[in-house]
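Student: Structure in structure tokens, see below.
The values are calculated or read from the model by the stated rules, or taken from the named source; none is laboratory data. Since the structure is predicted, the reported quantities are computational estimates derived from the model, not experimental observations. Neighbour counts are summed over all protein chains in view; Cβ atoms, including those assigned to glycine, are modelled from backbone coordinates with ideal geometry. With ligands, DNA and RNA removed, areas are computed over all heavy atoms of the protein, side chains included. Shrake-Rupley method; radii C 1.70, N 1.55, O 1.52, S 1.80 Å.
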Amino acid sequence: MVRQGTADTWVLHGERLAPVGVTAPAGWPTFPPEYPQTYEDCHPGAYQADARLRYMDSAGIWAQVLYPNVGGFGSENFLKLRDDELKLLCVAAYNDFLVEWSSADPRRLLPVVATPFWDIEATVREVERCVQAGARGILFTGEPQRYGLPVLGSPHWNPLWEVARAAQLPIHFHIGSAGDTLELSTPERYALHGVEGAQAYTAVSLFMKNGVQCSDLVTSGVLSRYPELKFVSVESGIGWLPFMLEATDYSWLGAFRPGRERRPGDVLPSELFRQSVYVTYWFESVAPRNFLDLVPIDNVLFETDFPHTTCLFGNIQETIESGLGHLEAGPRRKILWENAERLYRIEQPPASWRATAGR
């Protein structure tokens, strides 16, 4: 990180990535294209573990899952380096930082570690190393073929699935992990469509891309071969889920089933989704109010997206009430706590914390 002009900026081998404040504007009084210029301008919970825990206390949040960011949502930024060894060192250094940062309270800060996905042997070694250090999940790209690598269903990836299964760690597809954010946010689009139009288009494109990647996953054969594996679609929302599952089933049956009739032994893609895949959402109110009877409620996780531009900040309880206020306590508790508790094996908060959380 170097200071360029007035902004603290991430730089990789001389190439500017982004100012730190672009992805940490929570609480910033103005809106994009303005953003915090330095670490001191950002909310301290964006970069200090103790401050994050204090913020979580005040917001009534017991635990948060932490995803890699600086190297890209799928570590793809490190592919810009020509030195293969340096790529691996960068991934390892980031993971060391994240695990150390989370050690401020490993009950509550749950690190999802990056992978050098372009090298399957190195990926397995890094996952095994990080499991010993306290990893709670694995980050992977949802679109390996974009980088000239085999598709998800290829046996090439079996060593990753096997190490994840052995460690009982979920595998995460974060939006933007295919590295297409800059392709969507072109200068031409910003100039002609305006900041609002360009950012709205980019956000929706990223959400929907994860829906496509989930469809790829549930039709790849991976979940049939490894039924114990769990996958998470991160920061992608849930509104697209009913259509994706219906369309995938309809098209799957339509391929070779006369009249789209199921045959004995058929396992539909939507059933594999229910078995193995989780989704996260935060700002939506339409989907949780109207679609929860159409989605596998045991697979839905609530997030806040802190400290990003779209995060819930100062309105978490209001958003929960808007989307889930109509639900009975049981389904609501699943989405807000039990599903994540089961997936990540989260320790229950003590009574003393419950008594003061959110104050």
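Student: In the stretch 248-272, what residues are touching a helix residue (DSSP H, G or I) at 6+ places or on another chain (Cβ under 8 Å) and either of a type in the set (Lys, Arg) or touching a residue at least 24 places away in the same chain (Cβ under 8 Å) (or both)?
Tutor: Thr248, Trp252, Arg260, Arg262, Val267, Pro269, Ser270, Leu272
Student: For the stretch 126-147, which positions are in contact (Cβ under 8 Å) with a residue 12 or more places away in the chain, of a type outside the set (D, E, K, R), over 20 Å from Arg345 (Cβ atoms) and part of a helix (DSSP H, G or I)?
Tutor: Pro144, Tyr147, listed by residue number.
Student: Go over the candidates Ala104, Ala135 one by one and state the one that is within 30 Å of Ala357 (Cα to Cα), over 21 Å from the mean Cα position of the chain (by Cα) and of a type outside the set (Val, Ile, Thr).
Tutor: Ala104
Student: Every residue in the stretch 25-52 that is among the hydrophobic types (A, V, I, L, M, F, W, C) and closer than 17 Å to Cys311 by Cβ, please.
Tutor: Once the filter is applied, which keeps residues that are among the hydrophobic types (A, V, I, L, M, F, W, C) and closer than 17 Å to Cys311 by Cβ, the stretch 25-52 yields Ala26, Trp28, Phe31, Cys42, Ala46, Ala51.
Student: With the requirement that a residue be touching a His at 6+ places or on another chain (Cβ under 6 Å) and either open to solvent by 60 Å² or more (accessible area, probe 1.4 Å) or modelled with pLDDT under 95 (or both), what does the stretch 75-122 give you?
Tutor: Leu81
Student: Please go through the stretch 239-276 and give me each residue that is of a type in the set (Lys, Arg) and surrounded by 11 or more Cβ atoms within 10 Å (Cβ to Cβ), ordered by number.
Tutor: Arg257, Arg260, Arg262, Arg274
Student: Do any residues in the stretch 82-98 that are under 24 Å from Leu109 (Cα atoms) have Cβ atoms under 8 Å from those of residues that are open to solvent by 30 Å² or more (accessible area, probe 1.4 Å) and among the β-branched types (Val, Ile, Thr), where the two are at least six apart or on different chains, and which pairs are they?
Tutor: Tyr94/Val70
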